[in-house]
Amino acid sequence: MRVGFAQFNPIFGKKDQNVAKALSLIENADAELMVLPELFDTGYVFQSKEETLKLASPIPESNTVKELKRFSADKKMAVIAGIAEREGDKAYNSAITVLPNGSLYKYRKYHLFYKEKIHFESGKLPIEIVPYKDARIGMMICFDWIFPEMCRLLALKGANIICHPSNLVLPYCQKAMVTRCLENRVFSITCNRTGTEKRAGEEFKFTGMSRIVTPEGNVLCDGSRVKEQVEVVDINLKMADNKNVTAYNHVIEDRRTDLYSL
Ligand code: ACM
């Protein structure tokens, strides 16, 4: 399957502009599946919960979702993207997968980072794995990476590719994803944004370096630290069906769950 990412620098609050920008970046990608960054239409640094609620939109009514669905059907491309979701007086940092057949799947970020804890509710929806051609897509968002349980859960639920919209600021995740893929024998696509947001007395420098990793922990492709970049690679998803590290070592079946309880 041909899969990839588009990293870029969204402008805070300019939703229509950011959606148009992202879609223009991927419209000529020769890909069946593309990943966009976390909160790709709103930007990241909210000043208050009120501001978050004002910019967040309900799913599926949001214009961003409608545009992604139209694009996906037209280009026959699955798109995974992070967006701010509003439900009543609550906001969620969510990721969606839109498929060319019109299906829509949603994940609400479980592990909120820093002041996201002020601006968003943490998600509680059960994980859904998205079937698409040979892919079984598991979604997680940015800081979820630091909890190994997250990738493990996605792998145990059957994901063979983890799609990971991100707004990373710490320097650890890109390296960690090599281990996450190796220990679960899955592919991952981390799509991180670039640029700097200076708002609310805070400055966030996003680290770019989006990355695609194989079940053997090999890096197929790295984004630059600062530049807007679109990358597509061809992967064989069957690789993720083999959970054996050696003929004697299976990363799922060999877990000593009989010994892990506290
Ligand atoms: C993050 O979770 N956006 C660092």
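The values are calculated or read from the model by the stated rules, or taken from the named source; none is laboratory data. Values in this document were obtained by computation on a predicted structure and should not be read as measured data. Note that each Cβ is placed from the backbone with ideal geometry, even for glycine, and that neighbours are counted across all protein chains shown. For the accessible areas, the whole protein counts, side chains as well, though only heavy atoms, and no ligand, DNA or RNA atoms are used. Shrake-Rupley method; radii C 1.70, N 1.55, O 1.52, S 1.80 Å.
Values computed for the structure shown
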read-out: Filter result for ASP30 (of a type in the set (Asp, Glu) and either crowded, with 19+ Cβ neighbours inside 10 Å or without any contact (Cβ under 8 Å) to a residue 40 or more places away in the chain (or both)); value: no
read-out: Number of positions in the stretch 175-199 that are within 15 Å of the ligand (Cβ to nearest atom) and either in a strand (DSSP E or B) or in contact (Cβ under 8 Å) with a residue 40 or more places away in the chain (or both); value: 9
read-out: Output for the stretch 131-148, where each listed residue is buried (at least 22 other Cβ atoms within 10 Å of the Cβ) and either within 11 Å of the ligand (Cβ to nearest atom) or without any contact (Cβ under 8 Å) to a residue 40 or more places away in the chain (or both); value: MET140, ILE141, CYS142, PHE143, ASP144, TRP145
read-out: Extreme residue, farthest from SER94 (Cα to Cα), among residues of the stretch 149-170 that are within 10 Å of the ligand (Cβ to nearest atom) and in contact with an Asp or Glu (Cβ under 8 Å, 6 or more places away or on another chain); value: ASN167
read-out: Extreme residue, most open to solvent (accessible area, probe 1.4 Å), among residues of the stretch 106-130 that are within 18 Å of ALA81 (Cβ to Cβ) and not hydrophobic (A, V, I, L, M, F, W, C); value: GLU128
read-out: Any hit, the stretch 1-9, residues being within 16 Å of the ligand (Cβ to nearest atom), open to solvent by 30 Å² or more (accessible area, probe 1.4 Å) and under 19 Å from the mean Cα position of the chain (by Cα); value: yes
read-out: Verdict on LYS66 being on the phi > 0 side of the Ramachandran plot, at pLDDT 95 or above and open to solvent by 10 Å² or more (accessible area, probe 1.4 Å); value: no
read-out: In the stretch 225-248, the residues that are of a type in the set (Val, Ile, Thr), under 21 Å from the mean Cα position of the chain (by Cα) and over 19 Å from ARG2 (Cβ atoms); value: VAL226
read-out: Options TYR110, TYR92, TYR44, TYR114; residue that is within 16 Å of the ligand (Cβ to nearest atom), in a strand (DSSP E or B) and hydroxyl-bearing (Ser, Thr, Tyr); value: TYR92
read-out: Subset tally (residues that are farther than 21 Å from TYR110 by Cβ and touching a Leu at 6+ places or on another chain (Cβ under 7 Å)) for the stretch 17-45; value: 1
